[in-house]
Amino acid sequence: MTDELIDDFGRRVRYVRISVTDRCDFRCVYCMSEEMTFLPRDQVLSLEELSLVARAFTELGVEKIRLTGGEPLVRRDIDRLVADIGALPGLKDFAMTTNGASLRKFAPRLREGGLGRLNISLDSLDPERFRRLTRTGDLARVIDGIRAARDAGFERIKLNAVILKGRNDDEVADLVDFARQEGVDISFIEEMPLGDVSDHSRAETFCSSDEVQALIERHHTLVPTTESTLGPSRYFRMPDSDIRVGFISPHSHNFCDSCNRVRVTVEGRLLLCLGNEHSVDLRAVLRRHPGNIEVLKEAIIAAMPLKPERHHFTTDGDVQVVRFMNMTGG
């Protein structure tokens, strides 16, 4: 058995994103419908199953694991899972994407458990607008969570901002200035057409990375970097700051040719591409062969030919994939 995951286009998979829950204490307008139906508990992978999946991937040469949701910090005993994964040999980058609202409580435990980095979602610095975009979120708690993470010893904290034209594109410069003041990186993300959202027309709110970059360059010089990362961000630096500004551009700067990522959804589907439905049911393998990591690894290896050459997102408002982001894990 090969100890590496290589798809039919010669791309080596080195990065897996694992969704630990489809639930969230926010209802962000680009991620969920306001009224969501969540999975029954028995359809969600257990902590033990999630830990085995993570171990299988690292034994197959994966160097980076990111835990996602929904919101991973609403998963019961998430700190126990973090400690299990944080102890895996061969893992070079262990990260989590969170809305930040619970970091005051969890940040020290996550850091002690071996979590290396945090991405924290922040789409607005205006409390009322933040509440509208998240439907339930409290901006003050998120900002406090960012600072709690820094106090707990996390380095290279990164903010993630999804920019929607006419909704928060007027805050791009303010978000960069906030990141500079707090000493954290920031990435701007183009909205992805996942799930049928009723809050807005994606065709009308789409804001490209080039547009966002132009807004920033009215105030700051952006210098491209040659930094190599395991993720999809293109990073820039500013001459008068140590932080990085990144752009994740699934529409305007397609990064499929270098894609090294796969995802495991909350229900155990190994998703070979965010923008396609090519998948393998790992939950069935896990429950048919409890604790058998070799059978699990064989299933993961056998799935590699399903990874497509590219996704085909459009910006016309059409929903190419019916699952919501909270099911996929970003």
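Listed values, structure above:
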{"read-out": "Any hit, the range 253-274, residues being part of a loop (DSSP other than H, G, I, E, B), over 17 Å from VAL16 (Cα atoms) and at pLDDT below 95", "value": "yes"}
{"read-out": "Subset of the range 117-147 [farther than 21 Å from ARG180 by Cβ and either open to solvent by 30 Å² or more (accessible area, probe 1.4 Å) or basic (Lys, Arg) (or both)]", "value": "GLU128, ARG131, ARG132, ARG135, THR136, ASP138, ARG141"}
{"read-out": "Output for the range 104-114, where each listed residue is open to solvent by less than 40 Å² (accessible area, probe 1.4 Å) and either farther than 24 Å from SER187 by Cα or hydrophobic (A, V, I, L, M, F, W, C) (or both)", "value": "PHE106, ALA107, LEU110, GLY113"}
{"read-out": "Residue that is modelled with the highest pLDDT [pool: residues in the range 197-216 that are part of a loop (DSSP other than H, G, I, E, B) and hydrophobic (A, V, I, L, M, F, W, C)]", "value": "CYS207"}
{"read-out": "Exclusive hit being in contact with a Lys or Arg (Cβ under 7 Å, 6 or more places away or on another chain) and more than 24 Å from ILE189 (Cα to Cα), set ALA56, ALA101, ALA95", "value": "ALA56"}
{"read-out": "Cβ pairs under 6 Å, 6+ apart, first in the range 234-250 and over 13 Å from VAL176 (Cβ atoms), second surrounded by fewer than 17 Cβ atoms within 10 Å (Cβ to Cβ) and modelled with pLDDT of 95 or more", "value": "PRO239/THR221"}
{"read-out": "Filtered residues of the range 88-103 (kept if open to solvent by 20 Å² or more (accessible area, probe 1.4 Å) and closer than 16 Å to ARG75 by Cα)", "value": "THR97, SER102"}
{"read-out": "Checklist (1) buried (at least 18 other Cβ atoms within 10 Å of the Cβ); (2) at pLDDT below 95; (3) more than 14 Å from the chain's Cα centre (by Cα) applied to GLY69, failing item", "value": "(3)"}
{"read-out": "Flag for ARG117 being of a type outside the set (Gly, Ala, Ser), at pLDDT 95 or above and over 19 Å from VAL184 (Cα atoms)", "value": "no"}
{"read-out": "Filtered residue count, the range 275-305, keeping only those that are within 19 Å of ASP22 (Cα to Cα), open to solvent by 60 Å² or more (accessible area, probe 1.4 Å) and modelled with pLDDT of 95 or more", "value": "1"}
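The values are calculated or read from the model by the stated rules, or taken from the named source; none is laboratory data. As the structure is a prediction and not an experimental result, all values here were calculated from the model. Cβ: placed from backbone, ideal geometry, glycine included. Neighbour counts: every protein chain shown. Accessible surface areas use protein heavy atoms only, side chains included; no ligands, DNA or RNA. Shrake-Rupley method; radii C 1.70, N 1.55, O 1.52, S 1.80 Å.
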